[in-house]
Each structure stands twice: as C-alpha cells, then as structure tokens.
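Participant: This is the structure, below, for whatever I ask next.
Nothing in this text is a laboratory measurement; each read-out follows from the coordinates by a stated rule. Fair warning: this is a prediction, and the values are worked out from it, not measured in the lab. Neighbour counts are summed over all protein chains in view; Cβ atoms, including those assigned to glycine, are modelled from backbone coordinates with ideal geometry.
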Amino acid sequence: MFQALFTSLSGLFSFSRSLNTVSNNVSNMNTPGFRGSDSFFANIEGNLGTRIVGEDLRTVAGDARQTGNATDLAVDGEGYFVLRDPQGALYYTRAGQFRFNDDGILVDSVNNYEVMAIGPSGSLDIISIEGLRTVGAVPTTGVHVSGNLVPVSNSATVPATPVDLNSITVYDASGTARVLKMQFSRAASQIPGSFDVVVQDDTGATLGTGEVRFSVQGLPQAGYSTMDIVLPSAAGDQTITFDFGTPGAFNGMTSQSGTPSGLSAKVDDGHGVLPITSMKFDDKGVLQLVYSTTEKRSGGQVALALFANESALKLSGGRVVSGVDPSQRELGAPGAGRYGKIAGSSLEMSNIDLTREFADMIIIQRGYQASSRVMTVSNEMIEQLYNSTRGGS
C-alpha cells in the first residue's frame with residue numbers, strides 16, 4: 001500500500017511536468033520559428049513508478065508567412081540560421097526575424113545577435129551593408145543624338161530656324177547633375193548638308209561648338225559625326241563626346257526632307273551618388289542591393305547549420321539553440337543539399353498544432369486523475385489498516 005502511494009505520486013509529478021511542456025507549446029504558438037517539444041515517460045526500475053526521461057524537439061517545419069519585410073527570412077529545408085552574441089558564442093534558430101542595426105550589420109531582432117554569413121572557404125563573418133549604402137558618382141562620358149534635321153538652304157538670304165535639343169541631363173566629374181542644351185543651325189561654312197552645333201549649360205555658358213555634316217543621302221559623314229565638349233566642375237574637367245551616328249548608317253541623326261525636324265538624346269552613362277532603393281535575399285541567401293535600374297550590388301550570403309540529431313536540440317528562450325558541440329553540426333550555404341533554400345520576406349511560424357496539444361492535455365488530465373485516484377485509494381486502505389490496528393489494541 002505504501003509503495004502504491006509513492007508510485008501514484010510519481011505519476012502525479014510526471015503528468016504535471018508533461019502538462020508544463022504542453023503549456024509551453026501552446027503559449028508559444030505565435031512565436032516565429034518555435035518548435036514544440038514532447039515529453040517522454042519511462043518506468044522506474046523495479047516497477048517503482050514513472051518519470052520524465054527527457055523531451056524531444058519536433059523537427060517538422062512550421063508554415064512560412066509572407067511579411068513584406070526584406071530582412072525577414074525563412075528556410076525551406078532543414079537548415080538553421082547561425083547567430084553570434086557579443087562574446088562570440090554561436091546560436092542557431094529557425095526564426096529569421098532580422099534587421100540591419102545602426103552600424104549596418106544584420107542582427108536578430110529579438111536578441112540583437114549578429115547573423116552569420118558564410119564565405120567561400122566556409123568561414124563565418126557578419127553580413128553588413130556598411131560601405132554598400134551608396135554607389136559613388138560616375139561622370140558622363142558620352143551622349144548619343146538621334147532624330148532628323150530638315151535640310152536648309154545654304155543661301156544666307158533664305159531664313160533658317162535653329163533646332164534646339166533641351167534638357168539633356170549629364171553628370172560632371174563631381175557627380176553633380178548638369179542640364180545641357182544643344183542648338184543646330186545653318187552652317188556658317190554654307191557647305192551643303194552642314195549644321196553648326198553649340199552646346200551650352202543651364203547658365204547659358206558655351207561648353208563646346210562643332211559641325212555635323214550629312215551626305216546627299218542624308219546620313220552622317222565621316223569626320224563630322226562626333227564632337228567633344230568640356231564640362232568644368234570643382235572636381236576637374238570632364239570630356240563628353242556627342243555621337244551623331246555611324247557614318248553612312250541609319251542609326252543616329254539624319255537629314256531628310258520628308259520628315260520634320262525632331263531630335264532626342266540618350267545619355268550613355270553617368271549618375272550621381274545613388275542610395276539603396278530596395279534590397280532582398282535571393283533563394284541562395286545572397287543579399288541583393290538595388291540602387292537604380294542599372295546599378296546593383298551583392299552582399300554576404302547567410303550561413304546555415306545542419307545537426308546530427310536535430311530532435312535532441314534544446315531551445316533557449318523559445319527560438320534559439322545554444323551549446324551545440326561543433327562536431328555535432330556542419331555549416332553550409334543555402335541551396336546546397338539538405339540545407340534548403342531561402343524564402344525572402346517570409347517568416348517561419350511555430351509548428352504547434354492546437355488539436356494535438358488539446359488531445360495531449362486530455363490524456364495528461366486522465367492520467368493525472370487516475371494517479372490521484374490510486375493515491376486516494378491507497379490512503380483509504382492505509383487509514384483502514386491503521387483503524388483496524390487501533391481497534392485490536
């Protein structure tokens with residue numbers, strides 16, 4: 001009877017601890033990256049009751065939810081993100097709730113641990129946008145001009161209206177945007193098919209003059225299909241070449257009678273200092289930074305970890321794993337084997353199934369009630385034995 005009392009007591013303790021596990025699972029159902037645990041019972045040697053021998057992590061992944069935040073990441077595979085605290089200790093998590101801190105380093109939003117990148121040699125490093133926040137200015141070196149100029153009479157007695165090409169935005173050596181204007185007028189040389197060209201800045205200062213000539217077919221002539229101007233700035237002079245088209249080809253300017261005058265300019269290159277306009281992590285975990293339609297840069301690649309026995313991992317704080325022996329894990333890059341791919345702008349939610357938790361609670365409750373009933377019966381029998389002993393004295 002006394003043994004039954006202690007055996008039932010072990011059941012009460014074990015079911016109570018198991019309920020704690022279920023309670024923790026339910027309370028973390030909305031914790032990103034959380035993975036539930038299951039308690040395991042074992043018989044005490046000699047049939048002396050039961051005890052909790054441990055908890056195993058549920059390794060099935062939770063659902064991925066779109067967040068719209070470029071630094072939120074989820075893993076479609078078995079890999080865990082690798083984090084590092086200020087003391088250099090490594091942690092592992094499925095909760096890719098990250099952000100860039102004031103120093104431009106990608107960190108975990110909850111603990112502020114650094115998110116690790118993996119290098120070509122397998123070494124770990126931080127993921128930083130410091131030095132990538134902007135792209136330096138690039139001066140303009142060339143402008144292509146296209147369109148048509150109606151041929152004009154070379155007689156000075158016949159009026160001719162100049163053709164203007166306005167609002168050509170270029171960049172000087174310091175990266176400052178400058179707006180230029182071109183004017184095409186009847187050539188002073190009075191050579192058939194010739195036009196004088198003047199380029200001015202937005203203050204009206206002349207930056208360069210030249211001449212463009214067309215053949216009898218109305219196509220640019222060799223030796224007169226380009227002109228250079230010099231754009232001054234505090235950082236120095238910048239030479240810009242204006243290209244009027246390939247001599248003898250219909251790929252630039254023409255001078256045809258049947259088409260009205262109309263010109264356009266395409267700036268070949270150049271830009272000011274460009275800030276980041278958008279960012280994302282691709283499916284290989286590489287940070288992609290966009291500055292403009294033509295300027296893009298790549299950053300670090302997030303590191304992932306695999307474990308020899310994932311179910312034996314112990315969560316700390318509901319979302320990170322710590323204290324893993326390096327011999328029990330391997331590091332790699334997303335997209336390779338079991339590591340899995342990265343889903344950008346997404347978060348893995350918890351893998352808690354409330355239906356399962358409620359079912360476990362019912363089983364625990366029934367077990368607790370049964371153990372309690374055994375204790376009650378044992379107590380009654382002991383009391384009866386005690387009373388009968390007193391009655392016989």
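Participant: Which entry is the computed percent of Cα pairs over 30 Å apart for this structure: (1) 64; (2) 46; (3) 38?
Facilitator: This structure yields the entry labelled (1).
Participant: Could I ask something else about it? Estimate the FRET efficiency between T203 and D268 by the formula 1/(1 + (r/R0)^6), using the beta-carbon distance for r and 22 Å for R0, to the nearest 0.05.
Facilitator: About 0.40, to the nearest 0.05.
Participant: What does DSSP give for the stretch 142-267 in terms of the percent of beta bridges that are antiparallel, rounded to the nearest 5?
Facilitator: Around 85 percent antiparallel, to the nearest 5.
Participant: Please work out how much length the chain gains when fully extended from T161 to A249, using 0.36 nm per residue of separation minus the C-alpha to C-alpha distance, in nm with one decimal.
Facilitator: Difference between extended and current length: 29.1 nm.
Participant: If R₀ is 51 angstrom, what is the calculated FRET efficiency for the pair S23 and D283, using the beta carbon separation as r and rounding to 0.05?
Facilitator: With a Förster radius of 51 Å, E is 0.85.
Participant: Residues in the stretch 93-135 near a label at E295, defined as backbone nitrogen under 13 Å from the 7 Å Cα→Cβ point?
Facilitator: 132-135
Participant: At 7 Å along Cα-to-Cβ for each site, give me the label-to-label distance between D237 and A336 in nm.
Facilitator: Those two pseudo-labels are separated by 5.4 nm.
Participant: Take the alpha-carbon centre of the stretch 303-341, take the same for the stretch 342-393, and report the distance between them in whole Å.
Facilitator: Measuring centre to centre over Cα atoms gives 34 Å.
Participant: Between Q66 and E357, what is 0.36 nm times their sequence separation minus the Cα-Cα distance? Round to one decimal in nm.
Facilitator: Net length gain for the segment: 102.2 nm.
Participant: Oh, and also: Which angle from 0 to 90°, rounded to the nearest 10, does the C-alpha axis of helix 354-391 make with the longest principal axis of the chain?
Facilitator: 20
Participant: Next question. How far apart, in nm, are two points set 7 Å out from the Cα along the Cα-to-Cβ line at D38 and at T259?
Facilitator: 7.6
Participant: With labels modelled as points extended 7 Å from the Cα through the Cβ direction, what inter-label distance (nm, one decimal) is found for T169 paired with R51?
Facilitator: In this crude label model, T169 to R51 measures out at 7.5 nm.
Participant: For the stretch 1-113, taking Cα atoms only, what is the radius of gyration to one decimal and the Dmax to the nearest whole Å?
Facilitator: 20.1, 68
Participant: Contour minus end-to-end for Q183 and E130, with contour as 0.36 nm per residue of separation and end-to-end as the Cα-Cα distance?
Facilitator: 14.6 nm
Participant: For the chain, what is the calculated [θ] at 222 nm in deg cm²/dmol (nearest 500), taking -39500 (n - 2.57) for each run of four or more DSSP H residues and dividing by its residue count?
Facilitator: -6000 deg cm²/dmol
Participant: Would you work out if the stretch 68-113 is rounded, prolate or oblate? Take a ≥ b ≥ c from the square roots of the eigenvalues of the alpha-carbon gyration tensor; rounded if a/c is under 1.5, else prolate when a/b is larger than b/c, oblate otherwise.
Facilitator: oblate
Participant: Relative contact order of the stretch 142-267, please, whole-number percent, based on alpha carbon pairs below 8 angstrom and at least 6 residues apart.
Facilitator: Reported relative contact order: 35 percent.
Participant: Using only Cα atoms, tell me the angle between helix 2-27 and the longest principal axis of the chain; keep it within 0 to 90° and round to the nearest 10.
Facilitator: It works out to around 10 degrees.
Participant: Let me ask you something else. Just need the relative contact order of the chain here, percent rounded to a whole number, with Cα pairs under 8 Å and 6+ apart.
Facilitator: Rounded, it is 26 percent for the chain.
Participant: Per the Kirkwood treatment, what hydrodynamic radius in Å, one decimal, follows for the stretch 195-257 from the mean inverse distance over all distinct Cα pairs?
Facilitator: 12.7
Participant: Where the centroid of each part is defined by its Cα atoms, how far is the stretch 74-141 from the stretch 188-224 in Å?
Facilitator: 55
Participant: What's the Kirkwood radius of the stretch 142-267 in Å, using all Cα pairs?
Facilitator: 14.9
Participant: So what are the three principal axis dimensions of the stretch 176-225 from its Cα atoms, in whole Å, longest to shortest?
Facilitator: For the stretch 176-225, the Cα extents along the three principal axes come out at 40, 20, 14 Å.
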